[in-house]
Every structure is written in structure tokens, then in C-alpha cells.
């Protein structure tokens, strides 16, 4: 799905050009509209609710279009306000514009965060970054989100020969000077291209995006001459040997060939290794459908489990962003496990003890705790690689997953990030928090505690670690923290803490709350967001 052309124009250009088929004005203070639409003063006098919501106007003023959409940003002053105000305003305006048939709008800002006096009095970030530093980027990304249809919808539109509603151009009258417009545009394209891959993989039903089809999709979006190297592991015996915990999860799916598992490995190497400051390793959970396995999800809780692949989807999308930005200060490696947690005669069951990649005996407590099983052996593999390579720069490993319902209970629609000691020392979670905050992809920070490793300790000589209890995460104390404790121990990363001669950072990213919206229209499924592509991009790909 192609992206519209992004143009920066002056107000004079906007006033004299005839190529725009509509105007869009974003504003915080409705009084600021008067400078662009003088008749707004009269409308406000006649209607006290004027400007409280997105509206399409037909004014006879200075705006160079018969159609004008006004979209309120809302409050920017309060302690709890953030740049999502601009994302939401852009998204709402974009949707309304497309419904009106506007495809090449000129976009104005009637006022800005600086004119609203916000630059000095908020600073949510740990590093005192201006909360609204990226409001232009966030606004444009909101418009692009409004124009996105996932791959299954696009396929349907093509089948019925109906063009999808889309912008051909977004023409921005920027209220601030953009020092490098090409760099600005490339960043927008990079983030949005990554988010669209994440949404394409994460959104559709489990047959459209089965493990096999996800691999086909990924290969079609990363060509042979890409700076991203891709390797696919599909041999079942190899998966059983290298990733035995994931193999256990997918055992019941092996009776159906199209549900067979796939592991996809991504690798990006900086073009200038002398500039590398960090080695990053990502593990993505790609459970294409989670029935719960033998501990079957009941009471309607299976609905929406086609989205349990959003962690892997986000990691794949993040590499598309990397392909565009080509950062020189990092090397980035990833593995995504694409499996289906099916039910059948060969389902893995609670009370089984399964040997992990490194020989750890894992007592299965709940087959619906499959995500940690799917990711642990990849974590172990990356740990082994880091040890073997003995890099002179620090290495950090991440798990990215829609892992627990407890994450939603704890923080609703926000992603969660938590560090081991070495990652905490390097402020990894703070960087994700800060990056997500200014890019409208917000996160909360949780903390590893001793209870998170104590609860998975063995209770008898038959096991080395316990995978889970018999309750849902929502009914378990520290339900989103202790799974990370399990992965830390089961992978052997706990042996490489702060005091080890080769410490390895580990950060767990639970996006159960942020991977899709917490609300939907009627009985439909919620919209997939592409989180945490934007947060990770600002945290790790943009030099500070």
C-alpha cells in the first residue's frame, strides 16, 4: 500500500494553488481559527458547541478550498495531556476528509504547542525532552493511520474492483521551520512503513496470516538486495532440536500442514562497525492463533486470539523501519517464532516436563502460558551468540509479545516494559518510555522483583523451573511480571547479570494492551495499532 506524497508548503502557496481539494485545520484554542477563517467568530457566537468536534465547513473566507475540515486537538495544558492529542486530531480529520472525498488536502495548524505555553511546564520524559517535540510527525502519522486498510481489506477491494480510500498527497503548512525536510519525511515513511507491516501481519485472520503465509509476506517485503538479511527455519526436526519448548506448543498443529511452525531470523549490520554503540536482539511472539491448548480458552475468551502474533508482527515491521533509516550506531538481530497453539491428540499438557534448549527441565503448569514457551529458546540462542561473539559494546535482548491479560488489567491500553539490572543501568526502559511518549506510542515501566523469580522455583527434584500456575494471569499476583522472570531463568540470562564479567541486558516488552485499541465498533474486533514500532524507533534508531 503506497504512501501519499508529503509536501511542505508556505501559507502563500496554499492560498494561491488550485491543486488542493480540501483544507484541514487543527487547533487547540478555537479562537485561533479566526486568523484563518474570520467567519469562525460568528459561528462561535451562534453555536456554543462550535469547534468541539470534527466538522466540515463551507466558508467564504481565505482558506483556498470550498471544503474545510476543522479538528480540535483539545487541551494541551494539563499535567496528564500529551502529544496523542495531535495523533487523535489527525486521525479523526483524516477519516472525515476521506469520507468527504478529499484526497489532497492542505493542512494548517491554527495554533501550536509553543503558542499554548506548554514547552516549559510539562516534561513527562526522564530526560526533560519537550513533550510536544514531535507533534508534526505525530500529526502526519495520525493522517496516515486514518488512510490505512490492512492487507485482507485491500485484497477484498481489489477483488471487487473498488479503490480503497487514500490520500495522494498531504500538504503541510508547517508553523515551524523544518531543518531537513528529506530527513523528516524519511523518518515518517520509515515508521509508517514499519507500522503497516506490523498491522498487515497482526490484523488479519489466522488463515490469511498463518506461519507459512507470514513468511511469504515477509519475503515479498524484503528483497534480496535489502540491508536486512533473512533466514527461515521450517524443518520440523530442526525446530524440535533447536527450539524444543516452542515445538511442544505447536505439536497439535503438525497434523495440518498449513499450520506448521516457522522461525524467521532477521539481521542488520551497521555499514560502519566503528560507529556501533549497541547490539540489539529482539524475540517476537508470533502465535498465529491461541486456543489456549489443552487448557482451552472458554467463555468467549478465545475471540481475538488471532492477534497473539502482534509481537512478532511488530518486530518484523521494526526491521522495515531499520531498512529505511539504516542507522550506523546499532547492529540489530531478531528471531520471531510463528506457531499455532492448537488443540488435538498431540497437544502438550500441564504436568509435562520438557527440556529446553539449554537442558533446563520445564514443568508445564498451564498450556495457555504458551508465549513464554515460544520465546525462551530464542532468548537462549541469542544469549549463546552474545557469549560467543564477545562484543566490545553492550548487548541488549528484548522479548516483544502480547503476553498477558494482566498487562491490560494493570495498565489498560499502555505497553509495559521492564529491565533486568544491566538494562536498567543503561536506562533501556526509560528510553522506550521517553521515545513512546514523544511519538504517541506510550509505555509504562514495571520492575523485576525477587518475587518474580521466587514463584517459578522448583518444588521437587523432577523439575528445574515451573512455567506457570493453573490460573489466568489476571488472577495471579504480579501476573505480567513473573513470566519475564521465568524467561530470564529458563534461558540462562540470569547468569549474566550486573556482576558477571559479560553482563547482558534483558528487557521484556508486553504489548497486550497497546498492540490493539481497547475499544471496538459494535461487536467487531479492535483496530491493530502497530505498537511499539514508533517507540522503538525513537528509543534505538534515532541518534541522540
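A compact table of results
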read-out	value
Candidate set from segment 48-82 (those that are part of a strand (DSSP E or B) and free of Cβ contacts under 8 Å to residues at least 24 places away in the same chain); member that is surrounded by the most Cβ atoms within 10 Å (Cβ to Cβ)	57
Residue tally, condition within 16 Å of residue 190 (Cα to Cα), in a helix (DSSP H, G or I) and touching a helix residue (DSSP H, G or I) at 6+ places or on another chain (Cβ under 7 Å), over segment 133-156	9
Strands (runs of 3 or more DSSP E) (entirely within segment 310-385) containing at least 1 residues that are within 29 Å of the chain's Cα centre (by Cα)	330-341
Of all residues in segment 227-236 being in a strand (DSSP E or B) and out of contact with any helix residue (DSSP H, G or I) (no Cβ under 8 Å at 6 or more places or on another chain), the one that is surrounded by the most Cβ atoms within 10 Å (Cβ to Cβ)	229
Which listed residue is modelled with pLDDT of 95 or more, within 29 Å of residue 15 (Cα to Cα) and touching a strand residue (DSSP E or B) at 6+ places or on another chain (Cβ under 6 Å), from 136, 144, 170	170
Failed item, numbered, when residue 178 is tested on (1) more than 22 Å from residue 140 (Cα to Cα); (2) touching a strand residue (DSSP E or B) at 6+ places or on another chain (Cβ under 7 Å); (3) part of a loop (DSSP other than H, G, I, E, B)	(1)
Qualifying residue in segment 237-251 (condition: under 30 Å from residue 304 (Cβ atoms), assigned by TED's automatic domain parsing to the domain that holds residue 307, without any contact (Cβ under 8 Å) to a residue 24 or more places away in the chain and buried (at least 17 other Cβ atoms within 10 Å of the Cβ))	yes
Residue count for segment 19-47, restricted to those that are loosely packed, with under 15 Cβ neighbours inside 10 Å and part of a helix (DSSP H, G or I)	6
Exclusive hit being within 20 Å of the chain's Cα centre (by Cα), surrounded by fewer than 24 Cβ atoms within 10 Å (Cβ to Cβ) and part of a loop (DSSP other than H, G, I, E, B), set 514, 519, 462	519
Failed condition for residue 223, given (1) outside any helix (DSSP H, G or I); (2) touching a residue at least 40 places away in the same chain (Cβ under 8 Å)	(2)
Filtered residue count, segment 28-39, keeping only those that are over 30 Å from residue 435 (Cβ atoms) and touching a residue at least 24 places away in the same chain (Cβ under 8 Å)	6
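The values are calculated or read from the model by the stated rules, or taken from the named source; none is laboratory data. What you see is a predicted model; the values in this text were computed from it and never measured. Methodologically, a virtual Cβ is constructed for each residue, glycine included, from the backbone with ideal geometry; neighbour enumeration extends over all protein chains shown.
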